[in-house]
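See below for the structure under consideration.
What follows is calculated from the coordinates using simple rules that are stated; it is not laboratory data. Please read all numbers here as calculations on a predicted model, not as lab measurements. Note that we place each Cβ from the backbone using ideal geometry, even for glycine, and neighbour counts take in every protein chain shown.
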Amino acid sequence: MSETTTIPQGEAARAPEIRNLEIADIRAALASGLADFRSVPQYGLFFGGVYALGGWMMYFLLTLAGLPFFVYPLVICFAILAPFMAAGLYDVSRKLSRSEALSWPDVLSSVKGTSRRDLGWMALITGFAIIIWMDIAALLFFGFMGLKSFSPSEFITQIFTTPTGLVFLVLGNLTGAMIAFFVFSITVVSLPLLFDRDVDFVTAMITSVKVVKTNPGPMILWWFIIGLLIGLSLLSGLIGLFFTLPVLGHATWHLYTRAVT
């Protein structure tokens, strides 16, 4: 399927329509995302760096507080929060597709302008999902590990070398995956849609869920790719986020233009 262009602002009131996607569309979106990043890497490196810096700060604070078991759930949180960090990248990809001039003031102002739309409600819903996930992670930890304090190395040993730790790992992963897929379903298209058009957040979420429901195979693959790349970035000490976040952000925009018209 060939990539479509986004709707001009004057047609923003028209209800979004869902297109059928194929696996080839995922590959094409990733290729376009990589091309955008290579074309103007300074924007992607900036947003990826901000995201990585936030991760380093969270890791430091959790370690300092003696809560190493919260570090692992951060994998899910990073996957959930990544689309919000990509708002500036949506603007970059949109301008590149329209052959418009790029400048730092314009890109940063586009991010600020997005915050005045219903994207704030999406952030609230996503934040609530993260709070639920962190509460569940804490309950699972205390339920399986007890009220004990572990160093990071002791925690890893306990997780991978004991039956209790392995059960905790499996249940934690399954629970986290379900929450992550729920958030993915309501945000994968809604965030670029809210950035691109003047629609309410309920319409954006419904459209996003419809895209996932209409195209389960390609969208599950896209969800897996996002989780895999962010997981590898975390294993790299967050250095990989300098590259994976911008590519995924640009690619999300191109996938949106293919999925919604």
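The mean of 1/r over all pairs of different alpha-carbon atoms in the stretch 86-214, once inverted, gives a Kirkwood hydrodynamic radius of 17.4 Å. Highest mean packing comes first when the peptides 50-62, 208-220 are listed by Cβ atoms within 10 Å, giving 208-220, 50-62. Sort out for me the Cα centre separation of the stretch 14-43 from the stretch 205-261, rounded to whole Å. Each part reduced to its Cα centre gives a spacing of 10 Å.
Scaled to the globular estimate 2.2 N^0.38 Å, the Cα spread of the stretch 159-233, given as radius of gyration, is 1.39. This model, with +1 at the C-beta of Lys and Arg and -1 at the C-beta of Asp and Glu, gives the chain a dipole about its Cα centre of some 60 debye. Each peptide in 243-252, 189-198 was scored by the mean count of other Cβ atoms within 10 Å over its residues; highest first, the order is 243-252, 189-198.
By the count of other C-beta atoms within 10 Å, a proxy for reagent exposure, Arg19, Arg38 are ordered fewest to most as Arg38, Arg19.
Dividing the radius of gyration of the alpha carbons in the chain by their Kirkwood radius gives 0.99 for Rg/Rh. For the chain, averaging the sequence separation of C-alpha pairs within contact (under 8 Å, six or more residues apart) and dividing by the residue count gives a relative contact order of 44 percent.
The calculated 222 nm mean residue ellipticity attributable to helices in the chain amounts to -25000 deg cm²/dmol, summing -39500 (n - 2.57) over DSSP H runs of n ≥ 4 and dividing by all residues.
Give the calculated FRET efficiency between Lys148 and Ala24 to the nearest 0.05, with a Förster radius of 51 Å applied to their Cβ-Cβ distance. Result of the calculation: an efficiency of 0.55.
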